[in-house]
Amino acid sequence: MKKPFFTYTFLVAFIIAALLSCKEKEVTTSEAKSISNEIVNLHVDLKDSGIKIQPTMYGVFFEDINFAADGGLYAEMIKNRSFEFTNPLMGWSQPNSNKHSFNNESGIASAVKYAGNPSNKNYIRVKINDDKGYVLINEGFRGMGIHKDASYNFYLSASKKSGNVKKINIQFIDKEGTVLGETNIVPTSTDWENYTAQLTALKTEAKAQIKITFEGTGEIDLDMISLFPVDTWKGRKNGLRKDIVQLLDDMDPGFLRFPGGCIVEGRTLARRYQWKKTVGPIEDREILVNRWNTEFKHKLTPDYFQSFGLGFFEYFQLSEDLGAEPLPILSCGIACQFNTGELVPMEELDPYVQDALDLIEFANGSINTPWGKVRSEMGHPEKFNLKYIGVGNEQWGPAYIERYKVFEKAIKAKYPEIIIVSGSGPFPDGDYFEYGMEELKKLNAEIIDEHYYRSPEWFRENAARYDSYDRNGPKIFAGEYAAHPKEIEDGPKENNWEAALSEAAFMTGLERNAEVVHLTSYAPLMAHIDAFQWAPDMIWFNNLESYGTANYQVQKMYATNKGTDLLSITKEGKPLTGQGDLYATAAKDLEKEEVIIKLVNTSSNSQNVTVNISGKKVKSKGIITILTSDNLVDGNSFESPNKISPNESDFILEGEKTVVSLKPNSFTILKFKIK
């Protein structure tokens, strides 16, 4: 009897549990349906808003921080090629030279000063005591990246002083000393002579070095020892690193701001960036210690110098290559206020102002003008058509305003067509910012540069920042910005998806306020993985490879889908600036006859959005592009450079509307043609 009773009881209990389970599942499913069926209705009006999106809306800002120039964009592979570092032999080693026993050493190299040369001050004199093969090794910029079967041009200037140095052998070696490619030069002249040779790499190596071995005995002077890949951007001899420029070109930037940043100011006025020292023959450009070399005590880089092989001519040329407006920034006579804050006296400001006027002549003057002639002699007789110039980087206070007035008066008197970019200081709020904005508005400043490095939350919360800006006041240049995640390892991991997504949300507000905001750029642009001072950065590179971060992908999606005219996109008559974790902007491209709608969902849930279109007829077939990741701390890397990258597919518009399911934490672009 017990067994049947147990079975019956168990059966009843099982049935009750099953019914309760079914009821629970029914409720859960019902709730899920209510969530998934909740639709956000957006209205896009295709009627002309009268607001143009400037071609300069999305650009790039280059600063020589994180080894971005020498060791990065500039493809020179020899560090301290002309022995001009504070320590003239920094970057060079002499493995078989015994400095403490002159009689036993095979040779020694020592620095010698040129007589009366203000820019190229040093060369080295190599004394070879025997024919056993005295060696010099250059370590490169954290090594040298060489690719199997790629060719590299080697250069040096030499003068035979005594004896008979018969041959100079040049080899790629790895850390074990294995030879990875070689060539040689036969020096022949007792006068300074330029020599060139070519090496082909036998294998790919990220940390190669150059080994120079001498045959014969005697003394020989050497200078400008240089090495470049043959395969540079646009095939220019001794030019720019191809893979990095390609990433920039793929963005189709509207402008290129250069050369910084804080390096414009310098820690002191003597160490400020002076553009005139960066043009003309490469060997005559005066080297300068980079202001970032000792800025951060935990990341000292005492070997960080500027050779200026990437100088103002090359910046203008790169702007032209990218189809971007050049935007040079010049010192206003104030050293970095976070360092010395050194001021040039007002009565001594004229040379600084003249530098600005001469730069405009260099860019736009005829070949019959002094500085136009310099440009022409460098290989560009055509004008660069400069339209913008920046006065100061992020200076603040009365000292800046006082100096800005002098620059503005002089530039407008001679070049009234040039648009001057001024600065509101280093922060997006506070006393410095408020004072600068108020004073610049009084002066009818044309464009004011704003900078902000803040948390991802700040970017999401400030998508409406420019909604209340005066439409008749100065235009805005969001010249430096980036979301900085908290408690994230310093380096590439800071470029995570949360930061990029938050920037995408904020950028809807930049575009929605296109009648006020005319230029924007993420900062910093790039960083060497083995030599960076600042993170996050938009592009990371090593000696062999480079990749765009998730932040890069956001910037690229905006820049390549900006449109020409702003459209209205609203929910219940209001812009979408984060309500329900949704952000939106819309534009029309008159040239391509396209409508472009950008939607950002910062919620951890998917959201259904109905986009209703009025004003004009559109074609039913469109394109949807989605950028997303499953985890907010995800990011791209050298191992997975495309982990977070856009996916594109077709979508169909039903009548004059479409329903889009926005993925959790996603940035979506819809594009369709106007009939």
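The values are calculated or read from the model by the stated rules, or taken from the named source; none is laboratory data. Only a predicted model underlies this, so the values are computations on that prediction, with no experimental measurement involved. Counting neighbours? That spans all protein chains shown, and the Cβs are built from the backbone with ideal geometry, glycine included.
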- Query: Would the range 562-585 turn up any residue that is over 28 Å from E498 (Cβ atoms), part of a loop (DSSP other than H, G, I, E, B) and of a type in the set (K, R)?
  - Reply: no
- Message: Scan the range 400-409 and tell me whether some residue there is closer than 16 Å to L440 by Cα, acidic (D, E) and free of Cβ contacts under 8 Å to residues at least 60 places away in the same chain.
- Response: yes
- Given the residues A483, A535, A505, which is the only one that is crowded, with 24+ Cβ neighbours inside 10 Å, over 27 Å from I51 (Cα atoms) and out of contact with any Leu (no Cβ under 8 Å at 6 or more places or on another chain)? A483
- In the range 209-239, which residue that is aromatic (F, W, Y) and part of a strand (DSSP E or B) is nearest to D149 (Cα to Cα)? F228
- Residues of the range 160-189 satisfying the condition of being among the basic types (K, R) and either surrounded by 17 or more Cβ atoms within 10 Å (Cβ to Cβ) or part of a strand (DSSP E or B) (or both): K160, K161, K166, K167
- Task: Just one of (1) free of Cβ contacts under 8 Å to residues at least 60 places away in the same chain; (2) surrounded by fewer than 17 Cβ atoms within 10 Å (Cβ to Cβ) trips up F338, so point out which.
- Result: (1)
- Message: Given the condition within 17 Å of the chain's Cα centre (by Cα), closer than 28 Å to D243 by Cα and not in a strand (DSSP E or B), answer yes or no: does some residue in the range 476-489 qualify?
- Response: yes
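Going residue by residue through the range 72-83, is there one that turns out to be modelled with pLDDT of 95 or more, over 14 Å from the mean Cα position of the chain (by Cα), among the aromatic types (F, W, Y) and surrounded by fewer than 24 Cβ atoms within 10 Å (Cβ to Cβ)? Show your work before the answer.
Here is the first cut: in the range 72-83, the residues modelled with pLDDT of 95 or more are 72-83.
Subsequent filtering for residues that are over 14 Å from the mean Cα position of the chain (by Cα) retains 75-83.
Next cut, among the aromatic types (F, W, Y) only: 83.
After this cut, where a residue has to be surrounded by fewer than 24 Cβ atoms within 10 Å (Cβ to Cβ) as well, the list is none.
No, there is no match, as no residue in the range 72-83 is modelled with pLDDT of 95 or more, over 14 Å from the mean Cα position of the chain (by Cα), among the aromatic types (F, W, Y) and surrounded by fewer than 24 Cβ atoms within 10 Å (Cβ to Cβ).
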- Some residue of the range 356-378 being of a type outside the set (S, T, Y), under 25 Å from F255 (Cα atoms), in a helix (DSSP H, G or I) and in contact with an Asp or Glu (Cβ under 8 Å, 6 or more places away or on another chain): yes
- In the range 200-214, what count of residues is obtained for those that are farther than 18 Å from I185 by Cβ, of a type in the set (S, T, Y) and over 29 Å from the mean Cα position of the chain (by Cα)? 0
- Message: Among the residues in the range 47-54, are any in contact with a Leu (Cβ under 6 Å, 6 or more places away or on another chain), modelled with pLDDT under 95 and not in a helix (DSSP H, G or I)?
- Response: yes
